[in-house]
Ligand code: 13P
């Protein structure tokens, strides 16, 4: 028997009004690439120090309901010796954990991806529960291109997401399912909308057929945006109109919440689009952000791996949190940048 009450209350807390989720679950490889781009050292302690800077920014307590950690990070501690998971929980922020093991080429359609990590997942989940995690994340990748996504790609990923979600719920952890429709590509916004619609329909059909408990589940989705190489300009009102339309038509009203990834949008675009999406509510589920890059980019650039820049980096992070917070009440304006 799964603990439906616990799952539901965790999901509710994650999408509580005015708060959102920080994705700080970059794998070491991705994190190092981002560090290299600003000249920061790519060591374990450097990754630890950077995450500590984010978590101890005072505005984190105000604007964050949860933080998604990576396996290395959930095992790390702040410089005062307190484990990160415990420190976050003490600030009223639910620690979460990315549990997928990344993507590999899909057989038969190698430009597409499937996500690994189901083997041994039950044991890993038990370990994360013991470390204080309250929720989990699994990312799938849907690529738009000529003859892509294939039905096989969408279905394989939807089924994997459903099996992961069941295992997480069995462990008492809220699963965030993240079928990310990738921004890269020359497709226009209309195609992004139809692919997102179809992907989410397939994903929720799998959730239903596997018996995933919807009030204890959170969808992390891409916004409907034009492909990076499409030549189309991103217009926030159009993005919001299409995103709201898809979500309202596909996401069951019992779902525990809907959160957005930023997916390569600039911090300002991600805030403006979210603000416009908010304005198109009310929605039957809580809606909020779960950004990595759109919250972190200015802070990472300000820090650049140097101790003396911690305060400037925290100021930059606080600004992104505050503006994302404004977007949750539909009051963000580009003039606030
Ligand atoms: P971005 O907001 O940078 O897309 O990251 C969100 C995330 O969790 C990707 O898996």
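The values are calculated or read from the model by the stated rules, or taken from the named source; none is laboratory data. Source: prediction; values computed, not measured. Cβ placement follows ideal geometry from the backbone for every residue including glycine, while neighbour counts extend to all protein chains displayed.
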### Message
Residues that are surrounded by fewer than 21 Cβ atoms within 10 Å (Cβ to Cβ) and in a loop (DSSP other than H, G, I, E, B): does region 50-58 have at least one?
### Response
yes
### Query
Limited to region 120-166, what total is found for residues that are without any contact (Cβ under 8 Å) to a residue 40 or more places away in the chain, part of a loop (DSSP other than H, G, I, E, B) and over 30 Å from residue 87 (Cα atoms)?
2
### Task
Among residues belonging to region 109-125 that are surrounded by fewer than 13 Cβ atoms within 10 Å (Cβ to Cβ) and more than 16 Å from the ligand (Cβ to nearest atom), point out the one that is nearest to residue 183 (Cα to Cα).
110
### Query
Restricting the first residue to region 24-49 and requiring it to be free of Cβ contacts under 8 Å to residues at least 24 places away in the same chain and over 22 Å from residue 96 (Cβ atoms), which pairs with a second residue that is within 16 Å of the ligand (Cβ to nearest atom) and part of a helix (DSSP H, G or I) meet a Cβ separation below 7 Å and a spacing of at least six or different chains?
42/32; 42/35
### Selection from region 1-49 of residues that are over 23 Å from residue 310 (Cβ atoms) and part of a loop (DSSP other than H, G, I, E, B)
1, 2, 3, 15, 16, 17, 18, 19, 27
### Residue within region 92-112 that is farther than 26 Å from residue 199 by Cα and assigned to a helix (DSSP H, G or I) present
no
### Query
When you scan region 130-143, how many residues do you find that are surrounded by 15 or more Cβ atoms within 10 Å (Cβ to Cβ) and more than 16 Å from the ligand (Cβ to nearest atom)?
3
### Query
Can you find even one residue in region 187-199 that is at positive phi and modelled with pLDDT of 95 or more?
no
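Being under 17 Å from residue 27 (Cβ atoms) and either modelled with pLDDT under 95 or touching a strand residue (DSSP E or B) at 6+ places or on another chain (Cβ under 7 Å) (or both) is the filter here; which residues of region 74-101 pass it?
Correct list: 74, 84, 96, 97, 98, 99, 100.
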### Query
Of the residues 256, 281, which single one is more than 21 Å from residue 208 (Cβ to Cβ) and either at pLDDT below 95 or touching a strand residue (DSSP E or B) at 6+ places or on another chain (Cβ under 9 Å) (or both)?
281
#### Entry: Any hit, region 158-176, residues being in contact with a strand residue (DSSP E or B) (Cβ under 6 Å, 6 or more places away or on another chain) and farther than 25 Å from residue 131 by Cα
no
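Has region 169-179 got at least one residue that is assigned to a helix (DSSP H, G or I), crowded, with 17+ Cβ neighbours inside 10 Å and either touching a helix residue (DSSP H, G or I) at 6+ places or on another chain (Cβ under 7 Å) or modelled with pLDDT under 95 (or both)?
Yes: region 169-179 contains one or more residues that are assigned to a helix (DSSP H, G or I), crowded, with 17+ Cβ neighbours inside 10 Å and either touching a helix residue (DSSP H, G or I) at 6+ places or on another chain (Cβ under 7 Å) or modelled with pLDDT under 95 (or both).
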### Query
Residue check: is residue 249 at pLDDT 95 or above and closer than 22 Å to residue 174 by Cα?
no
